[in-house]
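K.L.:
The structure that follows is given in the form of C-alpha cells.
The values are calculated or read from the model by the stated rules, or taken from the named source; none is laboratory data. Since we're looking at a predicted model, the values are computed, not measured. For neighbour counting, all protein chains shown are included, and Cβ atoms are generated from backbone atoms with ideal geometry for every residue, glycine included. The protein model used for the area step is the full one, side chains on, heavy atoms only, and it has no ligands, DNA or RNA in it. Shrake-Rupley method; radii C 1.70, N 1.55, O 1.52, S 1.80 Å.
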Amino acid sequence: MRQEWFDHARFGMFVHFGLYSGAARHEWVQNYERLTDEDYRPYFDNFDPDLFDAAALARTAKESGMGYVVLTTKHHDGFCLWDSALTDFTSVSAVGRDLVREYVDALRAEGLKVGLYHSVIDWHHPDFTVDWNHPRRDDENAHVLNEGRDMSRYRAYLHGQVRELLTAYGDIDYLFFDFTYPEEKDGWAGKGPEDWDAEALLALCRELQPEMLVNDRLGIPADFVTPEQYQPTAPLLRDGEPLVWEACQTLNGSWGYHRDNTDQKSPTLLVQMLVDSVSMGGNMLLNIGPDGRGAIAPRDAGTLAEIGEWMRLHERAVIGAGHAPFTPPREGVYTLRGDRLYLSLFSWPLGFVHLPGLADRVTYARLLNDGSWLRTSVSDPEQQADLMTPAGEAEGTLTVHLPVRRPDVLVPVIELRLRAE
Ligand code: GLC
C-alpha cells in the first residue's frame, strides 16, 4: 500500500521558504499588496539564505518526532528553490545554491521521507493569466494584461518543472500540489483542473515516481485529502469509506515567515491537535516558516522543542497509531496501536476518569509519561449520587483512578492494555 509509511508516521513538518521569507509579512504578500514584478524584485536581489541549514532542519524534524518533511519547491510567487533549466528565477541564479538538493540529501541522511510542495499557481510566469487571485487583478486595464498570455505555454512549463523535480532528485515520497480554484469571482475566471491538465500531470507523477503519494489539490482525486488550518471532528469518509487525510497547520496563521505576527499557538494546543487528528485516522503536517536568512525562528524552535519532548515520552500514542472504535470520555480522545489504547486527556478530572464499555477489556492501566500503574475499578451501576458516594456509572464502565496532581507534561496520556476479545 502506497500510503503505509504515511499512515504510520502521522506527523510531518511543512517548510515554507522563499523570497517572501525576507519580506517577512506573509507568503501571499505579493497578492495582498498587489505588487508588480518590479516591486517584488528587491526580495530576489537581496535573497541571502546564509542560515538555511538543511541538516539542522532535518534534525529538528526528527527530534520533534516527525517522520517526513515537505518543502516548498516553488510557491505562488514562482520563485524556484532548485536548479531549474526552464527559468532563471531560482535560488541558483540568486545565490548559487540548489536548496532542494541540500534538503533531499539532508532528509535522507536522517532517514526521513522526502516530501515536496509545488505551486501550480505562478504569478511570475508571463503566460500565467491574471485571475481573481493574481497580484495584478486590480491594475487599471487589468484584463488587457491577458492579451498574449497563453496558458498552454504555462502548462508546458509546469509539466516540465514537475518532470525536473521528479527525475533529478532520486525517490520522492510525497508531492503536495497547491491549488485549484475553479469558481469565478469579481468578474474573473478561476482556474480548474483543465488549466493544469491535471490528469496528465498526475499521470506524469505516476510514471516517474510510482510509489509517491500525491494530494488532492490538482482538483482531481488522488491519494489523500488536505484540510487546511482547521480540525475535522470525525474520521473523513467518502461513500462510507475512510479517506487518507492530513491536516496542514500553521504555528501562527501564516505559512511564510511573518515577523510581526504574534498569534503563536501554544505547544499544548498543537499536541492536542496532533493526537486529535490521529484519533480520527489522520495526519498532521505542522508548518514552520524559516526567517529571511533561512533560520528557524527562536519562537518556533522553542515550540518544536516542547513538542519533541512530549513526543519523546508519548510517541507511541501517535506514531503507528490510529482511530479506535470506542467512544472516548468527555475529557479526551483515544488512539489505538495494536493492543494498546491511549487516552490523551485534554482536561484533568478530579480523582477518576470513567471509560464506558471498557469494564472487561483492560488488563493494565498506566500513565505513559512515567509508566506508573493506575488502579482501575468497575463502578456499581446501582450506586446513586449522594452526599458521600459517587454517581453510578453506566454498566460496563471502567473507572481509572488518577492522582490529584496532573503529570507535568503538555498532554497526559493513559496507556490501557486491551484484552483480546
Ligand atoms: C494555501 C495557500 C498557501 C499555503 C498552502 C498550504 O492554499 O495558498 O500559501 O502554501 O495553502 O497548505
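K.L.:
Output the relative contact order of segment 332-418, whole-number percent, from Cα pairs under 8 angstrom with separation of 6+ residues.
P.N.:
Reported relative contact order: 42 percent.
K.L.:
Using a 1.4 Å probe on the protein heavy atoms only, what accessible surface does D83 show? Give it in Å² to the nearest 10.
P.N.:
Spelled out: D83, probe radius 1.4 Å, area about 90 Å².
K.L.:
How much mean residue ellipticity at 222 nm does the chain get from its helices, if each DSSP H run of length 4 or more adds -39500 (n - 2.57) and you divide by all residues, to the nearest 500 deg cm²/dmol? Could the numbers behind the result be given before it?
P.N.:
Details: 12 runs with 112 residues, N = 421.
It lands at -7500 deg cm²/dmol.
K.L.:
Roughly how tilted is helix 54-63, in degrees to the nearest 10 and between 0 and 90, from the longest Cα axis of the chain?
P.N.:
Compared with the principal axis, the helix lies near 20 degrees.
K.L.:
Follow-up question, since we're still on this one. So what is the relative contact order of the chain, in percent, for Cα pairs below 8 Å that sit 6 or more residues apart? The partial results should precede the final answer.
P.N.:
Details: 867 pairs, mean separation 69.9, N = 421.
Reported as a whole number, the value is 17 percent.
K.L.:
Considering only protein heavy atoms and a 1.4 Å probe, what is the carbon-and-sulfur percentage of the accessible area of the chain? Walk me through the numbers on the way to the answer.
P.N.:
Values: 8770 of 18180 Å².
Carbon with sulfur: 48 percent of the solvent-accessible area.
K.L.:
Treat each spin label as a single point 7 Å out from the Cα along the C-beta direction, and report the E199 to E184 distance in nm.
P.N.:
That separation, rounded to one decimal, is 2.5 nm.
K.L.:
Using 0.36 nm times the number of residues separating H159 and S372, minus their current alpha carbon distance, what extension gain do you get? Don't skip to the answer; put the middle values down first.
P.N.:
Working: separation 213, 0.36 × 213 = 76.68 nm, distance 5.55 nm.
Answer, rounded to one decimal: 71.1 nm.
K.L.:
Relative contact order of segment 45-181: what whole-number percent is it, with Cα pairs under 8 angstrom and at least 6 residues apart? Please report the intermediate quantities before stating the final value.
P.N.:
On the way: 189 pairs, mean separation 36.7, N = 137.
Relative contact order, segment 45-181: 27 percent.
K.L.:
Accessible area per residue of the chain at 1.4 Å probe, in Å²?
P.N.:
Numbers: 18180 Å² over 421 residues.
For the chain, the solvent-accessible area averages 43 Å² per residue.
K.L.:
Show me the ranking of peptides 37-45, 19-27 by mean Cβ neighbours inside 10 Å, starting with the highest. Kindly include the intermediate steps, with their values, before the conclusion.
P.N.:
Details: 37-45: 14.6, 19-27: 22.2.
Descending packing order for the listed peptides: 19-27, 37-45.
K.L.:
Now a separate question. Under a 5 Å amide H to amide H cut-off, with H placed in plane at 1.01 Å, what residues pair with V333 once short-range neighbours are removed?
P.N.:
For V333, the qualifying residues are S344, F346.
K.L.:
Of L81, A61, W310, which is farthest towards the positive pole of the chain's charge dipole, taken about the Cα centre with +1 and -1 on the beta-carbons of Lys, Arg and Asp, Glu respectively?
P.N.:
Looking along the dipole axis, the top candidate is W310.
K.L.:
Any idea how far apart D260 and D150 come out in nm if each label point goes 7 Å out from Cα toward Cβ?
P.N.:
4.4
K.L.:
Would you mind telling me the antiparallel percentage of the DSSP bridges in the chain, rounded to 5? If you can, show how the numbers build up before the last one.
P.N.:
On the way: 31 of 61 bridges.
Antiparallel: roughly 50 percent of the beta bridges in the chain.
K.L.:
Another question about this same structure. Which is farthest toward the positive dipole end of the chain among L112, F14, T262, measuring Cα position about the Cα centre, with Cβ charges +1 (Lys, Arg) and -1 (Asp, Glu)?
P.N.:
L112
K.L.:
Sorted by average packing, counted as other Cβ atoms within 10 angstrom per residue and highest first, what order do 229-239, 146-156 take?
P.N.:
Details: 229-239: 10.9, 146-156: 13.8.
Highest-to-lowest ranking by the protection proxy: 146-156, 229-239.
K.L.:
Where does helix 298-314 land angle-wise versus the long Cα axis of the chain, in degrees 0 to 90, nearest 10?
P.N.:
40
K.L.:
I'd like the Karplus ³J(HN,Hα) series for segment 198-207: coefficients 6.51, -1.76, 1.60, θ = phi - 60°, whole numbers in Hz, and an x wherever there's a Gly or Pro.
P.N.:
4, 4, 5, 5, 5, 4, 4, 4, 5, 5
K.L.:
Mind putting a number on the dipole of segment 259-305 about its Cα centre? Charges go on the C-beta only, +1 for Lys and Arg and -1 for Asp and Glu, and I need it in Debye to the nearest 20.
P.N.:
Values: 4 positive and 5 negative charges, 21 e Å.
Here the size comes out at about 100 debye.
K.L.:
If you project the alpha carbons of segment 4-317 onto the principal axes, what extent comes out on each, in Å, largest first?
P.N.:
Principal extents (Cα only, largest first): 59, 47, 37 Å.
K.L.:
Based on Cβ point charges of +1 for Lys and Arg and -1 for Asp and Glu, what charge dipole magnitude is obtained for segment 4-317 about its Cα centre, in debye rounded to the nearest 20? Write down the numbers at each step before the final one.
P.N.:
On the way: 28 positive and 54 negative charges, 148 e Å.
Around 700 debye, computed over segment 4-317.
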